[in-house]
Amino acid sequence: MLSIKNLHASVEDSEILKGIDLEVGDGEVHAIMGPNGSGKSTLAGVLAGREGYTIGEGEVTFNDKDLLDLEPQERACEGLFLAFQYPVEIPGVSNIYLLKSAVNAVRKYQGEEELDAMDLVGLIKEKMSLTGMDDSLLYRSVNEGFSGGEKKRNEMLQMAVLEPKLAILDETDSGLDIDALKIVADAVNRLRDANRSFILITHYQRLLDYIVPDQVHVLHNGHIAKSGGPELPQELEKTGYAWLTGADEAAAEATGGQ
Amino acid sequence: MTEISETVGHFKDLYSEGEDRLPGGSIAWVAQRRQAAMNRFAEQGLPAPRNEEWKYTSLKPIEKRAFALPEPDAQEVSLGDIDTYVFDDPGAYRLVFVDGAYSEQLSQSVELPEGVTVKPLSEALEAGDEALSRHLGHYADPEGTPFVALNTALMSDGVFLHVPAGVTVEAPIHLLFVASTGADERILSYRNVLVAEEGADATVLESYVGLGEGAYLTNTVTEAVAPEGSRLAVYKLQEEATTGYHIAAFEAYQGGASEVYHHNISLGARLARNDVNDALDHEGAHVGLNGLYLGEGRQHVDNHTRIDHLQPRTTSQEYYKGILDGRSRGVFNGKVVVQPQAQETDSDQQNRNLLLSRNAEVDPKPELEIFADDVSCTHGATIGQLDEDALFFLQTRGMTYAEARALLIFGFANEIIEGLPIEQVRYRLEDRLMRRLPHAEAMEE
């Protein structure tokens, strides 16, 4: 599905990713954890094609395509999805309109016939039950005046409707109460299947109480410092990131670094 | 002789030329008002750059041209030429004017409630309508700009609407002012007088369109009277040729518990200036002013609004949005005056601007003058660019950069468009916006 080899990326003159290696197979769920500033969100941004990063060495292949060679919308149309840490508000553009545009952009790219409004509403309503989102939000401007939880549900709805091959959740769990967290987890678990993969980027272990990953990686200082199975987060819970960053910083982390 | 007085001299010549030829020339009160207006214009001349109200809008291109009175019969315009500007609704009343004169052939009349008068100003003047003589020039002239005076002196036609007390005219009345391909170097002076009596209700849609590429000047004035309990809604859709000049004044006077709504959409013209003024002169009167202005290329669009809260418990709500691209320039000047006796005034004014290019410019200026102490007056003005995060977000949802850009611009404008109560006007505007935005085809249904 996704193969990252020795990926280096910098912002302005400072190198953030210093040689990432990661293999995500079909149907696998990988969690990427790590302290603030370790490069987690940069990795998500680089994979989705956000501007402002300079890619140094390394390569990324996504289903046999050179991912870094594609525009962000091409990556989306190839089946890559990014759920945002801070979902943006788009005044004047309704949610249903956004979903329709997104679905049809992907269908067009894949050479499929575009769907009309009627077909789409059916599809979207079916997916809405998955996220527990209220119907009325469909006709409101994208994320405008939505609560934090509603915004994240909206991201999950977009994911459910677009049915990506690989979904990257960039700290989707941050700032969520436990009910909203369960909704995110539930959406991922329901969409999880043998052909769809996930990368969950998270600062905390708590999302992983609800989504059991196949592999967990700890990112530190632009490298993957440790990889392990689903039991790794629990170890981290006990030790924090102290073994990575030194005891002082770990203490700061624990008392309010976030 | 200075340049200004040359301009004045030229317009004086036009006035003399039009004295016999323009409507109402043989009617004493009309001739008097024209004469008085010409004198006022001659005293003032065109506004100079040092005039604060015209600080950002240079009238040089207008000064340097010798506009002539129109020769309406010289141009044949067919219904086919204007079919993208009319509304299909067979129930819609439509008055069409070409190059300053009424065209019966292009107009469409339908049955209206008893007692309602809708007719070309030229006919209403000849018919000696009492309400018209009472109101014409009563609101716009006293404090109007020199262009209002020039309009009164040179007005060639327009519409007189009179709705009797308690009568509601359901369907919007469409006024379509067409500058033909032969309008180059002409001055088109339209005067509309909209009179609702107590408790009356009507909606008027004013469209200004240009068919050619001439450097013509439309100088139009609309006066609206909304006494006790009445409601008037005016939609102004300006789609002049981008080589043309458009100067417009809207002057409304309101009685107790009346409502006036003015929706001001400015898309065309090389230079467009709107003066929108409203006087809330009795308790409980409410005015809503909405505006959307688009500029591209070297377009210049200037909106000046003024709301006078003259009596207690009057309310106003104003929302203007601008989208400026290319080397265009926008001006928004929103004045709200609350007089000492206008206690418990409630007023909100917002102006938002979106700059799409580094060379586009906008000058927003809210101006609040509050002389009463128990009031709620809020205002805000912003200038922004497209949100990079939102552009990236839309790209990650499959849209190209150009499509994402078009969608964000559309969304910005749509906040004004979706607030328009008339569905046909909304669709028309959406259509105009789509055409204007590159790569917006994907948004069409």
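Brief remarks on what is shown
- B:Leu125 being within 29 Å of B:Leu59 (Cβ to Cβ) and hydrophobic (A, V, I, L, M, F, W, C): no
- Selected residue [in a helix (DSSP H, G or I) and surrounded by fewer than 18 Cβ atoms within 10 Å (Cβ to Cβ)] from B:Ala31, B:Ala37, B:Ala48: B:Ala31
- Some residue of segment B:318-327 being in contact with a Ser or Thr (Cβ under 6 Å, 6 or more places away or on another chain) and crowded, with 22+ Cβ neighbours inside 10 Å: no
- Yes/no for B:Glu344 being over 19 Å from A:Pro91 (Cα atoms), among the charged types (D, E, K, R) and more than 11 Å from every other protein chain (Cβ to nearest Cβ): yes
- Count of residues meeting criterion [surrounded by fewer than 19 Cβ atoms within 10 Å (Cβ to Cβ) and within 18 Å of the chain's Cα centre (by Cα)] in segment B:328-367: 1
- A:Ile178 satisfies every condition listed in (1) aliphatic (A, V, I, L, M); (2) touching a helix residue (DSSP H, G or I) at 6+ places or on another chain (Cβ under 6 Å); (3) away from chain B (no Cβ under 14 Å) except (2).
- Boolean, B:Gly91 is assigned to a helix (DSSP H, G or I) and out of contact with any Leu (no Cβ under 7 Å at 6 or more places or on another chain): no
- Test: A:Asn36 is in contact (Cβ under 8 Å) with a residue 12 or more places away in the chain and in a strand (DSSP E or B): no
- Residue within segment B:378-387 that is in contact with a helix residue (DSSP H, G or I) (Cβ under 6 Å, 6 or more places away or on another chain) and small (Gly, Ala, Ser) present: no
- For segment B:305-317, the tally of residues that are surrounded by fewer than 22 Cβ atoms within 10 Å (Cβ to Cβ) and among the hydrophobic types (A, V, I, L, M, F, W, C) stands at 1.
- None of B:Glu251, B:Glu213, B:Glu197, B:Glu240 is in the same structural domain as B:Arg134 (by TED's automatic domain parsing), touching a residue at least 24 places away in the same chain (Cβ under 8 Å) and within 23 Å of B:Gln341 (Cβ to Cβ) except B:Glu251.
A quick yes/no check of all residues on (1) over 15 Å from the mean Cα position of the chain (by Cα); (2) under 25 Å from A:Asn63 (Cβ atoms):
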position	(1), (2)
A:Glu113	yes, yes
A:Leu120	yes, no
A:Met128	yes, no
A:Ala160	no, yes
A:Asp173	no, no
A:Leu181	no, no
A:Arg192	no, yes
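- In segment B:287-304 there is at least one residue that is surrounded by fewer than 24 Cβ atoms within 10 Å (Cβ to Cβ) and under 23 Å from B:Gly166 (Cβ atoms).
- Note on segment B:388-411: among residues that are buried (at least 17 other Cβ atoms within 10 Å of the Cβ) and not hydrophobic (A, V, I, L, M, F, W, C), the one that is farthest from the other protein chains (Cβ to nearest Cβ) is B:Arg405.
- Qualifying residue in segment B:305-316 (condition: of a type in the set (A, V, I, L, M, F, W, C), in contact with an Asp or Glu (Cβ under 8 Å, 6 or more places away or on another chain) and closer than 18 Å to B:Glu143 by Cβ): yes
- Out of B:His304, B:His282, sole residue that is closer than 23 Å to B:Pro61 by Cβ and either assigned to a strand (DSSP E or B) or touching a residue at least 40 places away in the same chain (Cβ under 8 Å) (or both): B:His304
- Single residue of segment A:91-109 satisfying the filter (of a type outside the set (A, V, I, L, M, F, W, C) and touching a helix residue (DSSP H, G or I) at 6+ places or on another chain (Cβ under 7 Å)) that is surrounded by the fewest Cβ atoms within 10 Å (Cβ to Cβ): A:Tyr109
- Restricting segment A:130-158 to residues that are at pLDDT 90 or above and either outside any helix (DSSP H, G or I) or over 19 Å from the mean Cα position of the chain (by Cα) (or both), the residue that is surrounded by the most Cβ atoms within 10 Å (Cβ to Cβ): A:Val142
- In segment B:412-430, of all residues being at the interface with chain A (Cβ under 8 Å from one of its Cβ atoms) and surrounded by 22 or more Cβ atoms within 10 Å (Cβ to Cβ), the one that is modelled with the lowest pLDDT corresponds to B:Asn414.
- Residue match in segment A:81-89 (condition: within 18 Å of the chain's Cα centre (by Cα), surrounded by fewer than 16 Cβ atoms within 10 Å (Cβ to Cβ) and not in a strand (DSSP E or B)): yes
The values are calculated or read from the model by the stated rules, or taken from the named source; none is laboratory data. Only a predicted model underlies this, so the values are computations on that prediction, with no experimental measurement involved. Note that each Cβ is placed from the backbone with ideal geometry, even for glycine, and that neighbours are counted across all protein chains shown.
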